[in-house]
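Below is one structure; the comments refer to it alone.
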Amino acid sequence: MRLIVARCEVRYSGRLNAVLPEALRLLMLKADGSVMVHADTGGFKPQNWMTPPAVVEESPGRIVVRKLKDDDRLDIAITEVLSDVTHDMGEAAALEKDGVEADLQEQLAAAPGWCGEGLRLVRREWPTDIGPVDLMCRDPGDGWVAVEIKRVATIDAVEQLTRYLERIRLDPEKAGCAGVLAAERIKPQARVLAQARGLRCVEVDLAVLRGEREPDLTLFAA
Amino acid sequence: MKLATSKADLLAQLGTVSRVASTRSAVQALSGVQIIAREGAVELRATDMEVGLRVPLAAEVEREGTVVLPARLTLEVVRSLPGDRATLELRPGQGDVELVAGSATFHLRTLRAEDFPPFPEPGDGDASVTVPAAAFVETVGMVARSASRDETRPILTGVLVSASGTQLRMVATDSYRLSVKETRLETPLAGPLEANVPARALQELARIATATEADTLSVTVRDNQVVFAVDGIVLSSRLIDGQFPNYGQLLPDSYEHELRLAGGELTEVVRRMSLLALKNAPLRLRFAEGELTVSAQTPDVGEATESLPVPFTGEPFEIGFNPDFLRDGLETVESRDLVFKLISPIRPGLIEAADDSGFLYLIMPIRLNV
């Protein structure tokens, strides 16, 4: 990773022409071939950039970045270099997301009772011909219960579960399959639509499921 | 339809009935108020399909008819009218109502009257029970706050109302606290009564009964509906299906500590300390020999502590409560003495009015990590 802080003018030509007048900027040249021009304002987004594959040609006071396959070109005219450093970043570790749907699915698969009293898991990722529903369970009376899991459940999640149930209920044995929408947070509109369609909504707390936090004390199991 | 009425009456009755008009229904007519003008009687109606309200309006009817007008807008318009009198006239050709008061004229487009649902009639062959309004209102006021607002658990959004003989009892719980109020009536009721009524309907009824200063109200319970009538106003509500929790089983048989306290004093301390129990922070009650220390702490905000003398003996212990829930219970007891019964930091505590007025408030603690 090469980081250059320089006073420069940047001209882009290609699908359109654009000029960044001379100012102090950060030029970021990454090992994967991407080049970004940052200012100290404007948020996370570069003022201009070139995605790989691209060719970087450097001469005194000038860096030219060209796309290999078309006419896109960044022409950077440098008048003053304040800093020019290169760092070996090593192997990049992949982003690890916490609290995603997969975590919730794993925890609820291990304890399906959070989705409804007495539920027991039949299978994760139960296949339907339009995609898998997250959990398929049986209730204490052996009735089928399909559970769709979201981190934040919106109206789209209700629609998705409704579509799955339509397909599942085509099987006469599962014609009475119930639906449960389980999420860390359920949007009010989603809740209204789910109730109108006879789907149950369950809000779960990942920290409680993981045993990191005790559930709230209640007078009775509601 | 054409009628003339006093602006003050129209405003008062519209203000009452508009409260139950729906604010978010897909059926536009439900956001409206229906005006029914018949010979010698005008009635305003509104409903959100859960609660329905019928309110009489004193008016001179020149031409009978029925219209539905947008409730909130009509209320705002009437509130702003000049003069003392107002006339409303349906103009079928224009699909609007002409509202004239003083020098002001409004034309308000009507909503589809066909979409407005029919209302149940009070009586209609069902047996009604007449209840003293003041006792009913007081009982509602003491328990309704404990009903849940979580629509995913509809049974808990109701208040279990039961009455027989000279006893009226109401129970509400959201699973974190439970309120029970038993009120002794001076005269026996004509018949028994039991229904799980949405708390919102009861709170609306209490508001109306208080405003009208009526002595009595009548209650008619049907299969899935309850109809209240008070001073010519009829409030109907669907009943909540399902088994209400067996609250009797929730009340512990015995307690480790029973403290008789001056309710007003503790309430004031809890109110003050709650100011710094924000962002779900618990209110901490630390009991030690002869002293109760109430404290609260919210990270990045601050902390507060206050002590008061209490007749506590035994091993010190600390218990945490949701500040709002604890305050609700204490405020319901008001300034009367109370008995605070405790078992342990993770078992429910009971607040009881010490004057034998029949009020119980069971509250679950919050776990304290430190």
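The values are calculated or read from the model by the stated rules, or taken from the named source; none is laboratory data. Here the structure is a predicted model, which means the values were calculated and not measured. All Cβ positions, even for glycine, are placed from backbone atoms using ideal geometry, and neighbour counts span all protein chains on display.
Only a single criterion out of (1) within 14 Å of another protein chain (Cβ to nearest Cβ); (2) at pLDDT below 95 is not satisfied by B:LEU266, namely (1). Here is the figure for the range B:161-184: residues that are more than 14 Å from chain A (Cβ to nearest Cβ) and within 14 Å of the chain's Cα centre (by Cα) total 2.
Looking only at residues of the range B:350-364 that are over 10 Å from B:PHE340 (Cα atoms) and in a loop (DSSP other than H, G, I, E, B), we find that the one that is nearest to the other protein chains (Cβ to nearest Cβ) is B:MET364. Among residues of the range A:188-209 that are facing chain B (nearest Cβ under 9 Å), those with a Cβ under 8 angstrom from a residue that is surrounded by 14 or more Cβ atoms within 10 Å (Cβ to Cβ) and in a helix (DSSP H, G or I), sequence gap 6+ or separate chain, pair up as A:ARG200/A:ALA194; A:CYS201/A:ALA190; A:CYS201/A:ARG191; A:CYS201/A:ALA194; A:CYS201/A:GLN195; A:VAL202/A:TRP114; A:VAL202/A:CYS115.
Considered as a group, the residues in the range B:145-159 that are of a type in the set (A, V, I, L, M, F, W, C) and within 14 Å of another protein chain (Cβ to nearest Cβ) include one that is nearest to B:ASP356 (Cα to Cα), and that residue is B:ALA147.
Tallying residues that are aliphatic (A, V, I, L, M), more than 18 Å from B:ALA229 (Cα to Cα) and modelled with pLDDT of 95 or more within the range B:177-213 yields 2. From the list A:ALA146, A:ALA183, A:ALA221, exactly one residue is out of contact with any Gly (no Cβ under 9 Å at 6 or more places or on another chain), surrounded by 15 or more Cβ atoms within 10 Å (Cβ to Cβ) and either within 12 Å of another protein chain (Cβ to nearest Cβ) or not basic (Lys, Arg) (or both). Which is it? That would be A:ALA183, the only listed residue that is out of contact with any Gly (no Cβ under 9 Å at 6 or more places or on another chain), surrounded by 15 or more Cβ atoms within 10 Å (Cβ to Cβ) and either within 12 Å of another protein chain (Cβ to nearest Cβ) or not basic (Lys, Arg) (or both).
So, A:ILE130, is that one β-branched (Val, Ile, Thr), touching a strand residue (DSSP E or B) at 6+ places or on another chain (Cβ under 7 Å) and away from chain B (no Cβ under 14 Å) or not? Answer is no for this residue. Every condition in (1) loosely packed, with under 13 Cβ neighbours inside 10 Å; (2) not assigned by TED's automatic domain parsing to the domain that holds A:LYS174 is met by A:PRO127 except one, and the failing one is (2). Here A:GLY179 meets the list (1) assigned to a loop (DSSP other than H, G, I, E, B); (2) in contact with an Asp or Glu (Cβ under 8 Å, 6 or more places away or on another chain); (3) closer than 24 Å to B:ASP150 by Cα almost entirely, failing just condition (1). Does A:VAL133 fit the bill of being more than 21 Å from A:ARG210 (Cα to Cα) and touching a Phe, Trp or Tyr at 6+ places or on another chain (Cβ under 6 Å)? When the stated conditions are applied, A:VAL133 passes them.
Being of a type in the set (S, T, N, Q), away from chain A (no Cβ under 14 Å) and within 15 Å of B:ALA277 (Cβ to Cβ) holds for only one residue in B:THR332, B:THR305, B:THR313, and it is B:THR305.
The rows are residues; the columns are (1) within 30 Å of B:SER179 (Cβ to Cβ); (2) crowded, with 21+ Cβ neighbours inside 10 Å; (3) within 26 Å of the chain's Cα centre (by Cα).
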{"position": "B:GLU50", "(1), (2), (3)": "yes, no, yes"}
{"position": "B:SER80", "(1), (2), (3)": "no, no, no"}
{"position": "B:GLY83", "(1), (2), (3)": "no, no, no"}
{"position": "B:PRO117", "(1), (2), (3)": "no, no, yes"}
{"position": "B:SER148", "(1), (2), (3)": "yes, no, yes"}
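Taken together, B:THR110, B:THR130 contain a single residue that is crowded, with 16+ Cβ neighbours inside 10 Å and either farther than 30 Å from A:GLU203 by Cα or over 16 Å from the mean Cα position of the chain (by Cα) (or both), which is B:THR110.
Checked against (1) within 30 Å of B:LEU368 (Cα to Cα); (2) away from chain B (no Cβ under 14 Å); (3) of a type outside the set (A, V, I, L, M); (4) more than 28 Å from the chain's Cα centre (by Cα), A:ASP216 passes all but a single condition, namely (2). Among strands (runs of 3 or more DSSP E) entirely within the range A:23-98, having at least 2 residues that are at pLDDT 90 or above, over 30 Å from the mean Cα position of the chain (by Cα) and not aliphatic (A, V, I, L, M) singles out A:54-59, A:62-67, A:73-86.
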